[in-house]
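Peer 1: First the structure, then my questions, so here it is.
The values are calculated or read from the model by the stated rules, or taken from the named source; none is laboratory data. Values in this document were obtained by computation on a predicted structure and should not be read as measured data. We place every Cβ from the backbone using ideal geometry, glycine too, and count neighbours over all the protein chains shown.
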Amino acid sequence: MHVWAISNQKGGVGKTTTTASLAGLLTARGLRTLVVDLDPHGSLTSYFGISLESAGAGVYELFQDVAAGKPPDPTARLQSTSVEKLDLLPAVMTLATVERQAGTVEGFGLVIRQAVLRLVDHYDYVLIDSPPMLGVLMVNALAACNRLIIPVMADFLSLRGLERMQRTLAMIGRSRKQPLPFTIVPTLYDRRPKVSADSLQALKDRYGENVWGGVIPLDTKVREASQAHLPVSLYRSSCRAAKAYGDLLESLLRLDDSDSEETGLKKHGGRQEKKGMGSKRYGEQTGTLSI
């Protein structure tokens, strides 16, 4: 099982759209996919047509399990979406209180990782939509994933936000005792202003091969897709954004194939050889954590 966190310490860069778009493309390949909404604003939950008020149980209850001294159990909190093979672990209104509780409960930094370990035989991919601020929820996303996807706009302020994200990555790497692989994805790209091209080049100059070679363009179909509660590839597969996200997915899958060969995992889309082996291998990929 592969776990991707989509995160940046700046809002408005397309994290939720990227999560939903990649999830839709994965399910189109027949891959069982779970999306996890760790943002108290609940944008991903709303994207799939579920209101925070009516979501019922969700991510928050996993933290309550741990606070009560029990292992986090995600199975009863999963919700299906209108997209075949795509499930959601929703945000709920009370998720915002987790940050205040974090200082009083031991082990809150590893709740999502422990929950995901219980799902290795149920999903091929888990995608986690992280909040834009550094706190226990973002730490959970970074501790649980074996690849980080960082959407970033090609402008000065986003580049500064990316510097903060790099410091957070260094901190998580020390806790994991191994570096966290990451891919920077230029999003909402407008080719018309010269500053866009200049910022994109600055991004590539600084972060090199960690920057995906393509861009996700500005596309009005993305907004229409969210209003229809569908990934853009299912809403309008011929639009520019859908094609760009398809290219991005191909690149990420190649990276996962390379990682899988190094760790002895099967190719994407395969099943684990033995029940229970997926948990061990997923744990190996995320390292030994002390958060």
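Peer 1: Are any residues in the range 15-58 aliphatic (A, V, I, L, M) and free of Cβ contacts under 8 Å to residues at least 12 places away in the same chain, and if so, which ones? It would help to see each step written out before you state the result.
Peer 2: At the first step, the residues of the range 15-58 found to be aliphatic (A, V, I, L, M) are 20, 22-23, 25-26, 28, 31, 34-36, 38, 44, 50, 52, 55, 57.
Across the range 15-58, there are no qualifying residues.
Peer 1: Still on this structure, please answer the following. Look at Phe48 and say whether it is of a type outside the set (D, E, K, R), modelled with pLDDT of 95 or more and within 18 Å of the chain's Cα centre (by Cα). It would help to see each step written out before you state the result.
Peer 2: Working: of a type outside the set (D, E, K, R): yes; modelled with pLDDT of 95 or more: yes; within 18 Å of the chain's Cα centre (by Cα): yes.
Answer is yes for this residue.
Peer 1: Also: Can Thr94 be described as without any contact (Cβ under 8 Å) to a residue 60 or more places away in the chain, part of a helix (DSSP H, G or I), among the β-branched types (Val, Ile, Thr) and under 26 Å from Leu252 (Cβ atoms)? Spell out how you get there, then give the answer.
Peer 2: On the way: without any contact (Cβ under 8 Å) to a residue 60 or more places away in the chain: yes; part of a helix (DSSP H, G or I): yes; among the β-branched types (Val, Ile, Thr): yes; under 26 Å from Leu252 (Cβ atoms): no.
No: the conditions fail for Thr94.
Peer 1: What number of residues in the range 36-78 are farther than 26 Å from Ser226 by Cα, in contact with a Pro (Cβ under 6 Å, 6 or more places away or on another chain) and part of a loop (DSSP other than H, G, I, E, B)? Give the derivation first.
Peer 2: Going through the range 36-78, the residues farther than 26 Å from Ser226 by Cα turn out to be 61-73, 75-76.
Retained after the next criterion (residues that are in contact with a Pro (Cβ under 6 Å, 6 or more places away or on another chain)): 62, 65-66.
So of that shortlist, the ones also part of a loop (DSSP other than H, G, I, E, B) come out as none.
Matching residues across the range 36-78 total 0.
Peer 1: While we're on this one: Among the residues of the range 99-113, are any of a type in the set (Ser, Thr, Tyr) and either within 16 Å of the chain's Cα centre (by Cα) or assigned to a loop (DSSP other than H, G, I, E, B) (or both)?
Peer 2: No: the range 99-113 contains no residue that is of a type in the set (Ser, Thr, Tyr) and either within 16 Å of the chain's Cα centre (by Cα) or assigned to a loop (DSSP other than H, G, I, E, B) (or both).
Peer 1: Take the range 35-45 and flag every residue that is crowded, with 24+ Cβ neighbours inside 10 Å and either modelled with pLDDT under 95 or not polar (S, T, N, Q) (or both).
Peer 2: Restricting attention to the range 35-45, the residues satisfying the condition of being crowded, with 24+ Cβ neighbours inside 10 Å are 35-39, 42, 44-45.
Val35, Val36, Asp37, Leu38, Asp39, Gly42, Leu44, listed by residue number.
Peer 1: Quick one: Ala20 ticks every box in (1) within 17 Å of Leu142 (Cα to Cα); (2) crowded, with 18+ Cβ neighbours inside 10 Å except a single one, so which number is it?
Peer 2: Going through the list (1) within 17 Å of Leu142 (Cα to Cα); (2) crowded, with 18+ Cβ neighbours inside 10 Å, Ala20 breaks only (1).
Peer 1: On the basis of being buried (at least 17 other Cβ atoms within 10 Å of the Cβ) and within 18 Å of Cys145 (Cβ to Cβ), does Tyr123 make the cut? Explain how you work it out, then say what you get.
Peer 2: Details: buried (at least 17 other Cβ atoms within 10 Å of the Cβ): yes; within 18 Å of Cys145 (Cβ to Cβ): yes.
Criteria met by Tyr123.
Peer 1: Could you please give the count of residues in the range 137-161 that are buried (at least 20 other Cβ atoms within 10 Å of the Cβ), of a type in the set (A, V, I, L, M) and part of a helix (DSSP H, G or I)?
Peer 2: Selection size over the range 137-161: 7.
Peer 1: In contact (Cβ under 8 Å) with a residue 60 or more places away in the chain and surrounded by 15 or more Cβ atoms within 10 Å (Cβ to Cβ), is that true of Leu62?
Peer 2: Numbers: in contact (Cβ under 8 Å) with a residue 60 or more places away in the chain: no; surrounded by 15 or more Cβ atoms within 10 Å (Cβ to Cβ): yes.
Here the answer is no, as Leu62 does not meet what is asked.
Peer 1: Would you tally the residues in the range 219-264 being in contact with a strand residue (DSSP E or B) (Cβ under 8 Å, 6 or more places away or on another chain) and farther than 24 Å from Ala5 by Cβ?
Peer 2: So the answer is 1.
Peer 1: Give me the helices (runs of 4 or more DSSP H) completely within the range 169-252, filtered to those with at least 1 residues that are surrounded by fewer than 19 Cβ atoms within 10 Å (Cβ to Cβ) and without any contact (Cβ under 8 Å) to a residue 24 or more places away in the chain, ordered by residue number.
Peer 2: Numbers: elements: 194-207, 220-227, 232-235.
The qualifying helices (runs of 4 or more DSSP H) are 194-207, 220-227.
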